[in-house]
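The values are calculated or read from the model by the stated rules, or taken from the named source; none is laboratory data. Quantities reported herein were computed from a predicted structural model and do not represent experimental measurements. All Cβ positions, glycine included, derive from the backbone under ideal geometry; neighbour counts span all protein chains shown. SASA here: full protein model, heavy atoms, side chains in, ligands and nucleic acids out. Shrake-Rupley method; radii C 1.70, N 1.55, O 1.52, S 1.80 Å.
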Amino acid sequence: MKPAFRLSALAAVVLTLTGCASVSIDDALKETNARSEPFTQGKVELSRTKAQRDQRAALTNELLSRPLTQSDAVQVALANSPSLQALIAQSAVNLALANQVGRLPNPILSFERVRLNDELELGRLLSFGLVDILLLPQRLGLSRSQAEQAKIQLTGVVIDQVTQVKQAWVRAVAAQQALSYAEQVNRSAQASAQLARRMQLVGNFSKLQRARQQVFYADATTDLALALHAVTATREDLVRILGLDEAQATRLTLPARLPDLPKAPRDPQEVSKTAAQQRLDVQLARSQLDLVGRAQGFNLLGTFIDVEVGARRDTVFDNAEGTQSTGRGFELDIRLPLFDWGGARRDLFSAQTLAAANRYDATVRGASSQLREGYSAYRTSYDVARHYRDEIVPLRQAIADENMLRYNGMFIGVFELLAEARAQVTSVRRAIDAQHQFWLADASLAAAVIGRPGGAVPAMASGAAPAPAAAAAGAAH
Amino acid sequence: MNNRRNFLSGAGAITGTLAAASVSKVAMAALPEPVLQTTPNTMPPLMPSSGRPYNPVVTLNGWTLPWRMNNGVKEFHLVAEPVVREMAPGFKANLWGYNGQSPGPTIEVVEGDRVRIFVTNKLPEHTSVHWHGQRLPNGMDGVTGLTQPAIRPGKTFVYEFVARRPGTFMYHPHADEMVQMAMGMMGFWVTHPKTRHPLIEEVNRDFVFLLNAYDVEPGSATPKIMTMLDFNLWSWNSRIFPGIDSLNVRLNDKVRIRMGNLTMTNHPMHLHGHEFLVTGTDGGPTPKTTRQYEVTTDVAVGQMRQIEFLADEEGDWAFHCHKSHHTMNAMGHDVPTMIGVDHKDVTKQIADLVPDYMVMGERGMADMGEMEMPLPDNTARMMSGEGPFGSVEMGGMFSVVKVRKDQKAGDYSNPGWFKHPKGTVAYELDGPVPEGPRQQGAGAAAMPVQNMPAKNIEVQVRKPGAGHAGH
Ligand SMILES: [Cu+2]
């Protein structure tokens with residue numbers, strides 16, 4: 001049958017056409033990298049070869065050799081996290097499926113061997129769905145839409161991951177920083193308790209006075225234990241999200257403190273402008289609307305006619321005559337929609353169009369609302385953290401300084417001095433907490449701007465603000 | 001230094017104390033110019049230049065108000081006003097007083113003098129002046145509402161009476177009294193006898209001061225006026241040791257000290273090295289039969305006492321209230337006792353949190369007198385005063401009577417530290433210290449005890465010398 005299929009030229013053209021239109025995962029990653037540049041510095045890739053994996057392992061090792069900054073943490077996750085690789089690979093699958101839509105189904109080769117008395121008829125039919133070919137432009141469009149969606153989804157997945165990494169990093173560093181203050185409080189409480197014990201021993205304190213100091217130490221010990229666990233828990237969370245193995249995890253060190261607050265908060269104008277350009281959910285909703293529209297057009301056609309076109313080459317061997325004749329021709333099958341004129345499907349699709357259109361609308365409206373809330377959370381946590389930094393902590397320091405002077409003058413005793421010192425430490429802890437909330441809100445806002453607020457940080461948008469406020473009210477500790 | 005300005009001595013003596021925005025110039029024209037005192041130093045006695053002669057007193061860290069004679073009447077002008085009083089070097093208080101200082105100037109008159117006192121109110125609220133202890137017409141007694149209307153801010157009232165009996169007196173407001181006394185409104189009054197009085201000795205030196213108390217939060221400057229008893233500054237004439245001047249006398253001087261108590265508690269005043277007689281009370285000179293030699297006399301609230309002694313022992317003799325908290329300046333009243341508690345090793349832990357922390361009180365509170373650690377702004381050290389042998393570790397109601405052979409008569413200046421004759425200063429014993437007797441048991445009791453703790457408590461005693469020197 002080798003020379004037989006001139007028609008294969010047609011198929012080749014079609015395949016080329018569809019081949020041109022198909023989107024590779026590398027293209028998708030390129031696009032994701034461009035879209036998520038501020039999140040990833042363009043470092044997203046899918047490791048497929050040993051060389052790639054080695055290179056990534058080397059990068060991870062290098063990054064782990066020093067205290068891991070937040071952006072380093074993102075790089076480690078991109079380079080090292082198997083679950084992120086899995087997500088990217090899954091995206092590659094989705095993309096392949098989308099590409100598939102843009103290709104013609106494989107041609108059908110049917111072979112018939114019919115013997116009638118002396119006649120042997122060999123029938124070979126290479127057939128393509130005619131509609132598939134006729135509607136190739138639509139198929140390509142659909143494929144492109146689906147691929148586009150897959151790409152947006154991939155970007156979204158990457159941004160979710162990066163946001164989670166950033167927040168996990170903030171939590172881990174904050175927990176570590178809080179621990180050092182919990183240790184200070186505990187040391188002071190221990191000193192008070194120790195001193196009180198000796199005071200009672202030599203008869204200067206009653207049992208009651210000593211117990212008061214002792215109970216504070218006991219409480220502080222609980223706080224310290226909880227703070228220690230928080231360090232472990234947040235660190236392990238970070239380890240998981242970075243995908244570190246045991247050896248890598250032992251090498252993970254974090255900076256001693258959270259980054260300072262930015263000099264000024266992000267400008268709401270800049271935020272909304274950036275969001276308007278970047279929101280993935282809006283892009284996705286638009287693309288879905290587009291897709292439904294295309295799908296509808298395509299499938300409505302398909303409802304009416306299901307056509308198969310085939311190239312036919314029949315060879316008839318007449319043994320009696322010793323002849324063989326070859327018949328060539330096209331075969332066209334048309335399935336007539338006698339029983340289903342597609343009304344129901346049309347209803348379905350117009351409903352889907354309507355749904356998609358409304359979803360798009362809702363997405364746009366929701367997006368701006370989410371942005372407003374996200375910005376408010378961000379701004380509130382910034383203001384609260386700055387208030388702690390500029391007002392409360394300096395005031396506490398001034399109180400501590402003045403108390404020291406009062407201790408010098410024997411206006412207050414050492415226990416009062418220690419109690420005030422603990423109060424100062426507590427407000428420093430609250431300040432760290434506020435800073436912690438700010439950096440969470442910052443990551444959350446960055447995600448909201450690009451349109452992934454829900455996925456990345458479900459509780460953050462509304463959760464950021466109350467936490468420091470509660471801390472300020474003295475309820476959090 | 002004499003900053004006293006006598007309005008009688010002409011130009012230049014006029015001060016600008018009274019901006020008088022609220023006091024009519026016309027009304028002022030008839031008044032003696034008020035005289036202002038700008039320093040809290042002890043001023044030399046004001047020798048009377050008009051009126052009947054007398055032997056003037058010296059007001060410790062204070063001064064006597066000059067007067068003018070007007071048709072045989074002694075006219076004084078008191079201006080009630082807010083003042084800043086230096087209570088000790090480096091510590092100033094926002095008080096209310098008279099003529100630039102609190103307490104106000106001492107008023108000295110002679111028995112039988114007709115006295116006219118103009119009182120101008122430059123306080124933010126009304127006031128009045130009660131002439132504590134005087135015989136006078138009821139309407140001159142200065143009780144707001146009862147014997148006169150209040151002197152409104154900006155107004156001037158005139159009090160006029162005859163100083164009928166010689167003795168030691170005070171003046172203070174009788175309007176919003178709690179506040180105005182807590183703010184330092186008070187002054188001394190001495191009525192000298194017209195002629196020799198059988199019960200009133202001629203003396204070489206006659207000192208006066210008021211006992212007063214304030215509650216000023218360390219680091220602040222204005223007294224808390226609601227304090228009832230828990231004052232933290234115990235003062236003489238609104239000065240606290242080491243801000244109180246010494247009482248400098250010549251050997252064998254006959255010395256009189258007059259004290260009035262305007263605090264809320266009594267003060268057992270105690271003089272070292274001499275016995276004194278209480279020669280006068282609120283009622284005037286005491287009958288000789290009631291006098292007995294003492295070294296401490298209690299001055300109750302609202303009382304005056306005058307004591308007299310012959311300064312016949314040379315030296316620097318302590319003179320103070322015997323309530324030991326009254327010889328301290330501001331301090332915490334709720335500070336736990338750290339004596340005997342070794343907490344040096346805990347110090348490092350504490351210093352982690354409180355970097356400037358130092359151990360104090362482990363051996364007692366004397367550390368406080370020795371350590372020169374920074375205090376809150378405008379705060380007097382709880383105890384201090386550098387004597388010739390180290391810190392005196394005192395504050396509050398404490399001063400020194402300095403008796404010197406070579407002090408000139410009429411010279412009130414400080415002669416410096418006493419030069420002890422050889423072999424007259426306590427000295428350290430050389431060689432080993434013999435083991436002293438030890439207390440055995442709690443001793444017998446008058447009655448059997450009931451309801452005692454079930455267990456005999458072992459009280460631990462830590463003695464010094466256990467090897468922790470060098471704080
Ligand atoms: Cu006293």
Checklist outcome for this item: Computed for A with B: buried accessible area summed over both chains, 1.4 Å probe, rounded to 100 Å², at 2900
Checklist outcome for this item: Taking protein heavy atoms only, a 1.4 Å probe, and rounding to whole percent, the accessible area of chain B owed to carbon and sulfur comes out at 54
Item to check | Residues whose placed amide H lies under 5 Å from that of residue B:217, excluding near-sequence neighbours | outcome: B:224
Checklist outcome for this item: Where a ≥ b ≥ c are root eigenvalues of the Cα gyration tensor, a/c under 1.5 meaning rounded, otherwise prolate if a/b exceeds b/c and oblate otherwise, chain B counts as prolate
Checklist outcome for this item: Residues whose built amide H sits under 5 Å from the amide H of residue B:132, excluding neighbours closer than 5 in sequence, are B:170, B:171, B:172
Item to check | Nearby lysines by direct alpha-carbon distance to residue B:155 (threshold 22 angstrom, same-chain neighbours under 8 apart not counted) | outcome: B:25, B:74, B:122
Checklist outcome for this item: The lysines whose Cα lies under 24 Å from the Cα of residue B:344, excluding any fewer than 8 residues away in the same chain, are A:207, B:463
Checklist entry - Near the amide H of residue B:92, under 5 Å away, which other amide H atoms are found, from residues 5 or more places off or on another chain, if H is placed in the peptide plane? => result B:87
Checklist entry - Taking square-rooted eigenvalues a ≥ b ≥ c of the alpha carbon gyration tensor, is the stretch B:266-317 rounded, prolate or oblate, where a/c under 1.5 means rounded and, failing that, a/b exceeding b/c means prolate? => result oblate
Checklist entry - Which values of log₁₀ I(q)/I(0), to two decimal places, follow from the Debye formula for the stretch A:35-165 at q = 0.10, 0.17 Å⁻¹ with a uniform point scatterer at every Cα? => result -0.53, -0.92
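Nearest 500 deg cm²/dmol is fine: what mean residue ellipticity at 222 nm does chain B get from its DSSP H runs of n ≥ 4 alone, each adding -39,500 (n - 2.57), divided by its residue count?
Dividing the helical sum by the residues of chain B leaves -1500 deg cm²/dmol.
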Checklist outcome for this item: Row for the stretch B:328-405, column shape: gyration tensor on C-alpha, a ≥ b ≥ c, rounded if a/c < 1.5 i.e. under 1.5, prolate if a/b over b/c, else oblate; value prolate
Checklist entry - What's the center-to-center distance, using Cα atoms, between the stretch B:356-435 and the stretch A:374-400 in Å? => result 49
Item to check | 10 Å Cβ shell holding at most 11 others, DSSP loop, chymotrypsin sites (Phe, Trp or Tyr not before Pro): longest site-free stretch of chain B | outcome: B:1-388
Next on the checklist: Students often get this wrong, so check it: of B:288/B:408; A:43/A:166; A:30/A:166; B:92/B:224, which have C-alpha atoms separated by over 19 Å?
Outcome noted: B:288/B:408; A:30/A:166
Checklist entry - Just for the stretch B:108-251, what percent of DSSP beta bridges are antiparallel, to the closest 5? => result 85
Next on the checklist: Please enumerate, by chain and number, the aspartates and glutamates with C-alpha under 13 Å from the C-alpha of residue B:323, excluding those fewer than 8 residues away in the same chain.
Outcome noted: B:298
Checklist entry - When the chain is fully extended, how far beyond the present Cα-Cα distance does residue A:197 get from residue A:277, taking 0.36 nm per residue of separation? => result 22.2 nm
Checklist entry - So, with a 1.4 angstrom probe, what is the percent of accessible area on the stretch A:33-102 that is carbon and sulfur? => result 60
Checklist entry - In whole Hz, what ³J(HN,Hα) sequence does the stretch A:259-273 give by Karplus (6.51, -1.76, 1.60; θ = phi - 60°), x for Gly and Pro? => result x, 5, 4, x, 4, 9, x, 5, 7, x, 4, 4, 4, 6, 5
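Of all GluC sites (Glu not before Pro) in the stretch B:266-354, which ones are in loop regions per DSSP and have a Cβ with at most 15 other Cβ atoms within 10 Å?
Details: sites: B:275, B:294, B:308, B:313, B:314; in loops: B:275, B:313, B:314.
Those satisfying the criteria are B:275, B:313.
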